[in-house]
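Structure provided below as structure tokens; questions to follow.
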Amino acid sequence: MKLFKNKEFSPDEDIQDVYGPPPDEPDPDDPEAPVFVDKLPPMDFDPREQQVQLIYGPPEMFNGGFMSVRAAAAPVAPTDRSNYDKIVACRDMIAGMTDIKPKVALILGSGLGDFAENCVDIRCTVDYSRLPGFPISTVEGHKGRFIFGYIGDVPVVVMQGRVHYYEGYSMQDVVMPTRLMAMLGAKVLFLTNASGGINTSFKAGDFMLITDHISSFVPNPLIGKNIDSLGTRFPDMSEIYDRELRGAVEETAAGLGIDLKHGVYVQLTGPSFESPAEIRMLKVLGADAVGMSTSMEAVTGRHAGMRVCGISCISNLASGLSENPLSHAEVQECANKAAPRFRALVSESIKKFGELLK
Ligand code: HPA
């Protein structure tokens, strides 16, 4: 019986010495032939362990499965190459479907699900499921497609649905769509989400312009071998949320009569909501709103050289700040109620961004 590993997933020389180099293309008629991890359907394995999976003999020996050897884990670098290749493959596929060159990339959070139908002159839609290796959300209420079109005269790519780290994808997979949109040419990354209000002056239904974030509770999406064509190894994060774009959102909100709040967003992994003690801790740390997305994408966007902007819809008061237990249904209901104002704020802001980008 032989142990093989996948070149793509683990180029670690030490492991290679122990198990021998993987053979070239396995013979499809040989029942003893190794099955490489990257030849399996993507969701047949736990994406969190993909870097360290070794194939142990023919798959039928283990119920068609394979052994996961955490102890042999090399740093995450091995996934980086395949992730980069996936991004390039998706970019090439999209290039064959639309000639729109987006200037602004918009990621829609809860409640903005039907933003595109209302605010975008849609020219092309691309279901994530058509893109090779693209991460697909399992969360109810999140659709899964890119929309290419125009808001005013600004060419945009809109993500209707995003994946979250708590769904079990590696952080590299979670931010892969952001990198793809940068590679498609987007200069601005506009992030939206629903969040729990920690700042006691906030109420459900408010909008908070994100001025900065705390990302220290989730893995940094840039961990692993740096791919220089995506960005520099040690990117500056001293002004993640672009001052000029923030000014444009502030002006837009004032024009729409929206009382825009400002604050620091903190990302936790979820999927459980926080405990009241955690919220007290986050308040001491300087956070104004808490959620399960966004900061990882913002870091990735800055790494890729995009100018980043973020608005959070405060969908509930954070844990312990109201009598009610928290629920996903409550988050969605409030975000849906706020949607018409949120849509106006986002779409009018993008038109202003268009002026700045000229
Ligand atoms: N906590 C974390 N994430 C959230 C919340 C919250 O209270 N509301 C919406 N997303």
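Considering only Cα-Cα distances, which of the following residue pairs are longer than 26 Å: Lys101/Lys358; Lys225/Lys358; Lys283/Lys352; Lys101/Lys225?
Result: Lys225/Lys358; Lys283/Lys352; Lys101/Lys225 exceed 26 Å.
If you stretched the chain out fully between Asn226 and Arg341, how much longer would it get, using 0.36 nm times the residue separation minus the C-alpha to C-alpha distance?
Stretched fully, the Asn226-Arg341 segment lengthens by 37.4 nm.
Using a simple spin-label model with points 7 Å from Cα along the Cα→Cβ vector, what separation in nm is obtained for Asp85 and Arg130?
Roughly 2.4 nm, to one decimal.
Considering amide H positions built from the backbone, and no H for Pro or chain starts, which residues 5 or more places from Ala194, or on another chain, come under 5 Å of its amide H?
Answer set, sorted by chain and number: Ser110, Cys313.
I need the calculated FRET efficiency for the pair Glu330 and Asp29, taking r as the beta carbon distance and R₀ as 35 Å, to the nearest 0.05.
0.05
Quick one: Karplus J couplings for the range 325-330, per residue in order, coefficients 6.51, -1.76, 1.60, θ = phi - 60°, nearest Hz, x for Gly and Pro?
Couplings: x, 8, 8, 4, 4, 5 Hz.
With a ≥ b ≥ c the root eigenvalues of the C-alpha gyration tensor of the range 181-285, is it rounded (a/c under 1.5), prolate (a/b larger than b/c) or oblate?
Oblate.
Which of rounded, prolate or oblate describes the range 213-358 when judged by the alpha-carbon gyration tensor and an a/c cut-off of 1.5?
Oblate is the answer for the range 213-358, as a/c is 1.5 or above yet b/c matches or exceeds a/b.
Hey, another quick one. Amide H to amide H, which residues 5 or more places from Ser319 or on other chains are under 5 Å from it, using H placed in the peptide plane?
Here Glu274 satisfy the definition.
For the range 130-176 and the range 290-330, compute the distance between their C-alpha centroids and round to whole Å.
With the range 130-176 and the range 290-330 each reduced to a Cα centre, they are spaced 16 Å.
We did not get these values from a lab; they are worked out from the coordinates using the rules stated. This structure is a prediction, so every number in the text was calculated from the model and none was measured. Glycine also receives a Cβ, built like all others from the backbone with ideal geometry; neighbour counts cover every protein chain displayed.
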